[in-house]
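K.L.:
The structure's right below; bear with me while I get my questions together.
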Amino acid sequence: MNKKQLRPAIAMIELIFAIVIMGIILMSAPMLISTAAKSGYVAIQQEAINEAASRVNMIMGYHWDENSADETVLDPILQTASPVTDLAEATYLDGNGTGRRVGTPLESYRSFIRPDGSRLTATAAAGLGNDGLENDMDDFIGTIGLNLAGTGTGTNYIEKNVTIDTAVFYISDTTAYNPAGNTINFNADFTQESLTTTNIKRISTTLTSDAASPDELDKIIILHAFSCNIGGYKLEERDF
């Protein structure tokens, strides 16, 4: 009697399936590599945006104006050329200034009057710029350069030269007041620049890459913020 011995083997259909799967994987490889490279570009862009956002936050932590940068006293509200009368110093019936805006409590530290009794005006629009002291917001007007490097070697190494240009302007502080609804609407216009002093300064940072950067990184990104002329404050202390 003849006996057949069965040995483990791969069926033809299994071999075909394996070849097909390997083909799909090989066809997908270029796409996967491209996606990985683009994710690296996104990471580099995000690093640049984070740097610009950190710069804006840092600038907004400084004094609002050169004339309110005296560290020995609390920042006063500065007088401006704004046409909005409600933002100007209120006056008593005899015409003398109250030192405060309309609606500001007498207990508030936000005042136009310094401890020495003087009132100061905001720096003229044409005078905004770096005076070398870096103690107020417009001292950071100008351009800085960054070199952001990613991972990789040789031709796959990602490197981007970025410039961050910072601009500080006065912008209109006019609001839309609705007496019937007791609402005040303000839409900051970051496209315009006031040639006279107002109660709002616009801070804009513009990120640009050099011509040698990859196309995926060749973008212009602009971040805007604004800061208001409201003076300084301090916390009240009470003993119990």
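The values are calculated or read from the model by the stated rules, or taken from the named source; none is laboratory data. The structure presented is a predicted model; accordingly, all values stated were derived computationally and were not measured. Glycine also receives a Cβ, built like all others from the backbone with ideal geometry; neighbour counts cover every protein chain displayed. Surface areas here come from the heavy atoms of the whole protein model, side chains and all, with no ligands, DNA or RNA. Shrake-Rupley method; radii C 1.70, N 1.55, O 1.52, S 1.80 Å.
K.L.:
Hey, any hits in the stretch 78-97 for a residue that's under 17 Å from Lys234 (Cβ atoms), touching a residue at least 12 places away in the same chain (Cβ under 8 Å) and not β-branched (Val, Ile, Thr)?
P.N.:
no
K.L.:
Only one of Gly61, Gly23 is modelled with pLDDT of 70 or more and exposed (fewer than 10 other Cβ atoms within 10 Å of the Cβ); which?
P.N.:
Being modelled with pLDDT of 70 or more and exposed (fewer than 10 other Cβ atoms within 10 Å of the Cβ) holds for just one of Gly61, Gly23, which is Gly61.
K.L.:
Of these, Ala90, Ala124, which one is open to solvent by less than 50 Å² (accessible area, probe 1.4 Å) and of a type outside the set (Phe, Trp, Tyr)?
P.N.:
Checking each option against the conditions leaves just Ala90.
K.L.:
Kindly check whether there is at least one residue in the stretch 94-101 that is open to solvent by 40 Å² or more (accessible area, probe 1.4 Å), at positive phi, assigned to a loop (DSSP other than H, G, I, E, B) and at pLDDT below 85.
P.N.:
Yes, the conditions are met somewhere in the stretch 94-101.
K.L.:
Only one residue in Thr155, Thr163 is under 30 Å from Ala48 (Cα atoms), modelled with pLDDT under 90 and in contact with a strand residue (DSSP E or B) (Cβ under 6 Å, 6 or more places away or on another chain), so which one is that?
P.N.:
Exactly one residue qualifies, and that residue is Thr163.
K.L.:
Further, regarding this structure: Before we move on, is Glu71 charged (D, E, K, R) and farther than 15 Å from Ser111 by Cα?
P.N.:
yes
K.L.:
Could you look through the stretch 65-86, keep only residues that are open to solvent by less than 20 Å² (accessible area, probe 1.4 Å) and not charged (D, E, K, R), and pick out the one that is farthest from Ile230 (Cα to Cα)?
P.N.:
Top of the filtered list is Ala69.
K.L.:
Just to be sure I understand, how many residues within the stretch 61-77 are touching a residue at least 24 places away in the same chain (Cβ under 8 Å) and polar (S, T, N, Q)?
P.N.:
2
K.L.:
So the check is Cβ under 6 Å with 6+ separation or different chains; which pairs have a first residue in the stretch 112-138 that's closer than 26 Å to Val56 by Cα and a second one that's open to solvent by 80 Å² or more (accessible area, probe 1.4 Å)?
P.N.:
Within 6 Å, the pairs are Ala125/Leu195; Asp136/Tyr62; Met137/Tyr62.
K.L.:
Hey, among Asp75, Asp70, which residue is at pLDDT 75 or above, in contact with a helix residue (DSSP H, G or I) (Cβ under 6 Å, 6 or more places away or on another chain) and in a loop (DSSP other than H, G, I, E, B)?
P.N.:
It is Asp75.
K.L.:
Can you report the number of residues in the stretch 102-119 which are among the aromatic types (Phe, Trp, Tyr), open to solvent by less than 40 Å² (accessible area, probe 1.4 Å) and more than 24 Å from Tyr177 (Cβ to Cβ)?
P.N.:
So the answer is 0.
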